[in-house]
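Quick notes on the structure that follows.
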Amino acid sequence: MVKSFASGLLALGAAATLLSGTATSAWSFELKGEPKVAFIYAAAAKDGGWNEAIDAGRAAVEKDLGLTVAVAENVPEDATKLRAAIDLFVKRGFNIIVGTTYGYSEPIAEAAKAYPDVAFLNASGTTNGPNLESFYARTYQGWYLAGIAAGSVTQSKKLGMVAGFPVGVVNWDANAFILGARSVDPSIETVVVYTNSWWDPVKEGQVAEAILDQNADVLATDLSSTSPLAAAERRGASSVGYQLDMSHAAPEGILTSVVFHWDRYLVPTIKSITDGTWTPQEYGAFEGIDNGVIGLAPFGKRVPDAAKAKIAEVQAKMVAGAFDPFTGPIEKQDGSVAVPAGEKVSDEALWSMDYFVKGAIGTMPAAQ
Amino acid sequence: MSGFLVGWLAAIPAYAAPLLLAALGLILSERAGVLNLSAEGVMAIGAMTGAAVVLSGIAPTLGILAGVAAGAGLSLVFAIVVVVFRGDQTLAGLTTVAVGIGLAGVLGRDYVQKPFAGIERFGADAAPATGAFERFFLQQDPLILVTLVLVVAVWWFLERTRAGLQLRAVGEDPGTADVAGVDVQMVRIAAVVAGGALCGLSGAYLSVAASHVWVEGMIAGRGWIAVALVIFARWDARRALLGALIFGAAEALGPRLQAVGAPVPTYLMMMLPYALTLAVLVLSSLVGRRGTDEPAALGSIYLRQDKS
């Protein structure tokens, strides 16, 4: 066991050396020519959710760095379609290309190899290289804080969350929300239902109603559409939005929204590319609440001042690195130990999180 | 438990209605012999138009009607391509899907993700104290009732009226219908446009009644499910009703079981609507069937000079 672990480490080190291509440990990249930036979206840029949050970052890049940014929309998550778009941009002299979806991971890595002089960034991607950095954010930090808000207002001691697919990045949101709520009152339970789609506003609203029928009085959405919030508003329930400030969809019941501020990543990163100081990280950029990529939208009127104070306190601890929501002891849904006391869930374990913590009502499909 | 049952039953019509409306539209078109794959795109145009009209401050009822008109309009283009210019029906149908989704995306740009007050349910807030029937009824909306009326109307039109007979004749044997004095092209165009109106209504239902919002891609494959439903239902409006209800029931059940924490395999629940609907409709069409119900001239191009 020890031996295989050691040889695994060696192999990992060897792989890292191979990947970097040179003996130096860090990747470095030098931009040739004037910077020309292009963003590629898998759907409409103004989708009211994920893309729109990134597009706000694009606008900041234009404004703060004085760069003109080209945009391609509705480029499917399909290797040939994406590659055609990238080829066209490169041919026209674009040398900083930003992808915006997990589905671009593989084709963008191929393109990065084919065009070593072009800098690539990809949101929620899984691939990295000497001229490619994937970026995502520790969304669970925001969800833990939203959980505190939800736990402070619930009367029925039952919350709900509409989620997409049972994958790590979704499960950590749900679990952090549950942990945050239970830090207020350990008797709170949270119904989590997967829609098994990323984008179906009609179904998201219907799933929200199924949850509200279970007497949940705070409903959170981990997806992009506002229809779960509208369903909660109709029933007088409170709600938590995601991606952007969704208060317009539930002016009465909104507590807050967990929001992205991608400008906090995109502006400095693209600036470093143009300055020639960019060094893509081997495992991608994993931004958090400390540099403001993740945050909460302004609180709604139902959030009590005491909860606001507690959230501010916990947030300050997170920013200072003194608190992480996934610090043990954490129990799984069935009461078994997920994280022993004093230990912290590693980044790697976060990405493969495939369980609910205690206090969840719902079914986690078996892994794979 | 009865709370769960009522909640589940009350949710079914909203799942079933959009599928059923689109399926009825496709049945009209295909019984006249025009293979129609365009539902997904026509529904997108209907959904976008309905939302855009309501967001412009016009009454939701008129928004629904605008969605119907938009669906009919796009289908008129499809009808002209396949009936007048004798385009390939499969290709033209797929093209109409792309055009519908694309147009809806471009024209609907300013209306994306803007919630509005659309068609409301009979009771906005279902208080748990009310009786089971009342709780069921208050969860429905006026368009659910319209949908039920339309099922009967389409069935009655096709099976019991002279115009319906002519439409079916065109779909079974256009040459003979032509000899009998039926204007084959006009009947086909009318059937496709009427079908498009129903698909537009289905799309408008999704935006104006079901979700009160428009976003690109919100049809989310429901048009394709309607295409399959028509085949499973053997081009019969009554069986389409049955199929849509079964599909809706299975689809509504999954999230509700998850919400009570029932240990059911999620992926099995995802498959259930398709598997169950297929099984029931295949069985129902096997019972007491002779031959096929598929319109004999479905997908064929009728040229008068080819008549033998």
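What about A:Q333, is it touching a residue at least 60 places away in the same chain (Cβ under 8 Å), more than 30 Å from A:G33 (Cβ to Cβ), among the polar types (S, T, N, Q) and surrounded by 15 or more Cβ atoms within 10 Å (Cβ to Cβ)?
Working: touching a residue at least 60 places away in the same chain (Cβ under 8 Å): no; more than 30 Å from A:G33 (Cβ to Cβ): yes; among the polar types (S, T, N, Q): yes; surrounded by 15 or more Cβ atoms within 10 Å (Cβ to Cβ): yes.
So A:Q333 fails the test.
Does any residue of the stretch B:193-207 turn out to be among the polar types (S, T, N, Q), crowded, with 24+ Cβ neighbours inside 10 Å and in a helix (DSSP H, G or I)?
Checking the stretch B:193-207: at least one residue is among the polar types (S, T, N, Q), crowded, with 24+ Cβ neighbours inside 10 Å and in a helix (DSSP H, G or I).
Do the conditions hold for B:P60, that is, is it surrounded by fewer than 24 Cβ atoms within 10 Å (Cβ to Cβ) and under 18 Å from A:D200 (Cα atoms)?
So B:P60 does not fit the description; no.
Just checking, which of A:L244, A:L266, A:L212, A:L229 is over 19 Å from A:P298 (Cα atoms), surrounded by 21 or more Cβ atoms within 10 Å (Cβ to Cβ) and facing chain B (nearest Cβ under 10 Å)?
Just a single option satisfies the conditions, and that option is A:L212.
So which strands (runs of 3 or more DSSP E) stay within the stretch A:117-189 end to end and still have 2 or more residues that are closer than 21 Å to A:A208 by Cα?
Working: elements: A:119-123, A:132-137, A:158-163.
Passing ranges, in order: A:158-163.
Inside the stretch A:39-55, can you point out the residues that are within 14 Å of chain B (Cβ to nearest Cβ) and in contact (Cβ under 8 Å) with a residue 24 or more places away in the chain?
Within the stretch A:39-55, A:Y41, A:A42, A:A43, A:A44, A:A45, A:D47, A:G48, A:G49, A:W50, A:N51, A:E52, A:A53 qualify.
Looking at (1) at positive phi; (2) part of a helix (DSSP H, G or I), can you tell me which one B:G217 breaks?
(2)
Test A:E52 against the stated conditions and say whether it is part of a loop (DSSP other than H, G, I, E, B) and at pLDDT 85 or above.
no
A:A349 - would you say it is buried (at least 19 other Cβ atoms within 10 Å of the Cβ) and free of Cβ contacts under 8 Å to residues at least 40 places away in the same chain?
no
Testing A:A146 on (1) modelled with pLDDT of 95 or more; (2) closer than 27 Å to A:S124 by Cα; (3) within 14 Å of chain B (Cβ to nearest Cβ), one condition comes back false. Which one is that?
Condition not satisfied by A:A146: (3).
Take the stretch A:272-288 and flag every residue that is over 16 Å from A:L132 (Cα atoms) and either assigned by TED's automatic domain parsing to the domain that holds A:V240 or among the small types (G, A, S) (or both).
Within the stretch A:272-288, just A:G288 meets the criteria.
So which of A:D217, A:D222 ends up being surrounded by fewer than 24 Cβ atoms within 10 Å (Cβ to Cβ), acidic (D, E) and more than 8 Å from chain B (Cβ to nearest Cβ)? Write out each step before concluding.
Details: A:D222 fails: surrounded by fewer than 24 Cβ atoms within 10 Å (Cβ to Cβ).
When all the criteria are applied, what remains is A:D217.
Which of the residues spanning the stretch A:323-368 are among the basic types (K, R) and within 27 Å of B:L253 (Cα to Cα)?
If the condition is that a residue be among the basic types (K, R) and within 27 Å of B:L253 (Cα to Cα), then A:K332, A:K358 are the ones that fit.
List the number of the failed condition for B:A210; all other conditions in (1) modelled with pLDDT of 95 or more; (2) under 17 Å from the mean Cα position of the chain (by Cα) hold.
Result: B:A210 fails condition (1) only.
Can you tell me which residue within the stretch B:212-263, out of those that are crowded, with 23+ Cβ neighbours inside 10 Å and without any contact (Cβ under 8 Å) to a residue 24 or more places away in the chain, is nearest to A:G205 (Cα to Cα)?
B:P255
What number of residues within the stretch B:227-257 satisfy the criterion of being part of a helix (DSSP H, G or I), more than 14 Å from every other protein chain (Cβ to nearest Cβ) and aliphatic (A, V, I, L, M)?
Qualifying residue count, the stretch B:227-257: 12.
Working only within the stretch B:180-192, note down all residues that are outside any helix (DSSP H, G or I) and closer than 12 Å to B:A163 by Cα.
Across the stretch B:180-192, the qualifying residues are B:V182, B:D183.
What do you reckon, is A:L179 at pLDDT 95 or above, crowded, with 24+ Cβ neighbours inside 10 Å and under 27 Å from A:W351 (Cβ atoms)?
no
What about B:A11, is it within 16 Å of the chain's Cα centre (by Cα) and within 14 Å of chain A (Cβ to nearest Cβ)?
When the stated conditions are applied, B:A11 does not pass them.
So A:E252 fits all but one of (1) within 16 Å of B:Q113 (Cα to Cα); (2) not in a strand (DSSP E or B); what number is the exception?
(1)
Being at the interface with another protein chain (Cβ under 8 Å from one of its Cβ atoms), at pLDDT 85 or above and not in a loop (DSSP other than H, G, I, E, B) is the filter here; which residues of the stretch B:258-301 pass it?
B:Q258, B:A259
The values are calculated or read from the model by the stated rules, or taken from the named source; none is laboratory data. A quick note: this is a predicted structure, and the numbers were derived from the prediction, not measured. Virtual Cβ from ideal backbone geometry, glycine too; neighbours counted across all protein chains shown.
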